[in-house]
Each structure stands twice: as C-alpha cells, then as structure tokens.
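Throughout, read-outs are computed from the coordinates displayed, never taken from laboratory work. Only a predicted model underlies this, so the values are computations on that prediction, with no experimental measurement involved. Quick reminder, even Gly has a Cβ in these numbers, built from the backbone with ideal geometry, and neighbours come from all protein chains shown.
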Amino acid sequence: MFKPTIRQVQAVLSAKNYKFFDEGEKPYNLNIIGIRSTSKLMDFFNETLVVIYRDELKEMHIDYFHYTTKPGLHYLKNPLHPNGCAVLKEGQHLGSMIKRKHRGKYYALCQAKSMPYYRDNDRDEELEFTGKVYTGKIGLNIHRESPTKIDLKVGRNSAGCGVIQARFDYFMWLIDMGIKYWKNQFTYTLINEGDIMSHLLGD
C-alpha cells in the first residue's frame, strides 16, 4: 500500500487546483482521496484510500486503507453492461457522495451525483482509461469487500466501485463524524500514484 504524507497529497491537490477541506472551526471536515496505482497488476487491493482531517484538538490526521479503484477481473471479463465495465475517471468529484445503504444491504458511501467514467469492453486482463467518457449516476460507491472475511483478490467485490479491503467500520465511523459536524455530503477525489511521484521528482 502506497502511503504518501499529508504534505505530498496536499501538493498534488494544489497543483491540480483541487479543493482541500480545512476551513472552519469544526473538526472532521473529511478529505476522502483514492490513489490509483500505476501498477498494471490487476485483481488485488494494491491501492490506497486516504482520509485527511483535523480532530477535536485541531490536530491533522491521515488514515490509510487498503483499497481498489479498479474492478475485479471477473467483471472486466464479464461486464454487467453491454458497453463494458465502468471505470471512474480521475478527478475531484465535488459533493458527489452520501452515506446510505449499498444495494439496500448496509451503510456505505454512495454516489449521489453524476460522475465521469470510462467503459472497458475488450474483456481482457488489462484496464484501459481511454475512449468515450460517460457521465451518470450508476452506483459507483465506496463499500466493503466482504462482511465475513478478508479476500486477497478483488474478484466479484467490485464492478467499478471503490472497495475497502479492511477497517471498513472505522472508515464509516469517520463518515459518521463528518456527518455529525458537517452534513451528509462528501467530495471524493481520485488521483494517481504517478501524480505524487512526478511531484516529488520535480521538487
């Protein structure tokens, strides 16, 4: 799992003119950021979700979660949609997510506004981020991988959603704290591991 520092993440967001939430006197103004790996290795939780925020003492924290921003190989090869498997486009998706039930089963962070995405339809084992960019509200949620065990492979756990491999209950506790002090609406920012590495090389 790639673990950038708060400063490194902030530098990338600033370079892209993305918003970093740190205003106001209230704590838990959450920055929820997926970091897509440059690795072509598929079907593993080899990416990172970070949540950056200040606590009640105004101290800044960063929490890391084993994560995937990419669909599992099962759905790459057997897409649910005739146009192919959905893949969220990198960018900052302002106010795009809310807490509600994922597929009516359990509470997760779910898509509430349209977001841009690709569809990979060549049914091979390599993910493409090219071609037509679609826009819509299609259930690109952030949810857990399994309620009963930790799977080593993504498999059927993601058809395009962001999926947290472990510590999902803690992630949802952070979401609840964000709702307590702010409201049930969150921005999801998706950047690339290469963005951070390029910035470091440029320093």
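Out of everything in the range 125-163 that is under 17 Å from Lys99 (Cα atoms) and either polar (S, T, N, Q) or in contact with a His (Cβ under 7 Å, 6 or more places away or on another chain) (or both), what residue ends up being surrounded by the most Cβ atoms within 10 Å (Cβ to Cβ)? Out of the qualifying residues, it is Val163.
Results for (1) farther than 30 Å from Ala11 by Cα; (2) among the small types (Gly, Ala, Ser); (3) touching a Cys at 6+ places or on another chain (Cβ under 9 Å), shown as yes or no for each residue.
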{"position": "Thr38", "(1), (2), (3)": "no, no, no"}
{"position": "Gly91", "(1), (2), (3)": "no, yes, no"}
{"position": "Lys105", "(1), (2), (3)": "yes, no, no"}
{"position": "Lys132", "(1), (2), (3)": "no, no, no"}
{"position": "Arg144", "(1), (2), (3)": "no, no, no"}
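Across the range 45-55, a minimum of one residue is classified as under 13 Å from the mean Cα position of the chain (by Cα), outside any helix (DSSP H, G or I) and more than 25 Å from Asp176 (Cα to Cα).
Quick grid of which residues meet (1) in contact with an Asp or Glu (Cβ under 6 Å, 6 or more places away or on another chain); (2) more than 18 Å from Phe129 (Cβ to Cβ); (3) touching a residue at least 24 places away in the same chain (Cβ under 8 Å); (4) surrounded by 14 or more Cβ atoms within 10 Å (Cβ to Cβ):
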{"residue": "Tyr28", "(1), (2), (3), (4)": "no, yes, yes, yes"}
{"residue": "Ile32", "(1), (2), (3), (4)": "no, yes, yes, yes"}
{"residue": "Ile62", "(1), (2), (3), (4)": "no, yes, yes, yes"}
{"residue": "Pro71", "(1), (2), (3), (4)": "no, no, yes, yes"}
{"residue": "Gly84", "(1), (2), (3), (4)": "yes, no, yes, yes"}
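Exactly one residue out of Leu80, Leu94, Leu109, Leu41 is buried (at least 21 other Cβ atoms within 10 Å of the Cβ), within 27 Å of Lys132 (Cβ to Cβ) and not β-branched (Val, Ile, Thr), and it is Leu109. Looking only at residues in the range 47-60 that are in contact with a strand residue (DSSP E or B) (Cβ under 9 Å, 6 or more places away or on another chain) and of a type in the set (D, E, K, R), the one that is surrounded by the most Cβ atoms within 10 Å (Cβ to Cβ) is Glu47. Scanning the range 105-139 for residues that are among the small types (Gly, Ala, Ser) and assigned to a loop (DSSP other than H, G, I, E, B) turns up Ala112, Ser114, Gly131, Gly139. Restricting attention to the range 1-35 and to residues that are part of a helix (DSSP H, G or I) and of a type in the set (Val, Ile, Thr), the residue that is farthest from Glu59 (Cα to Cα) turns out to be Val12.
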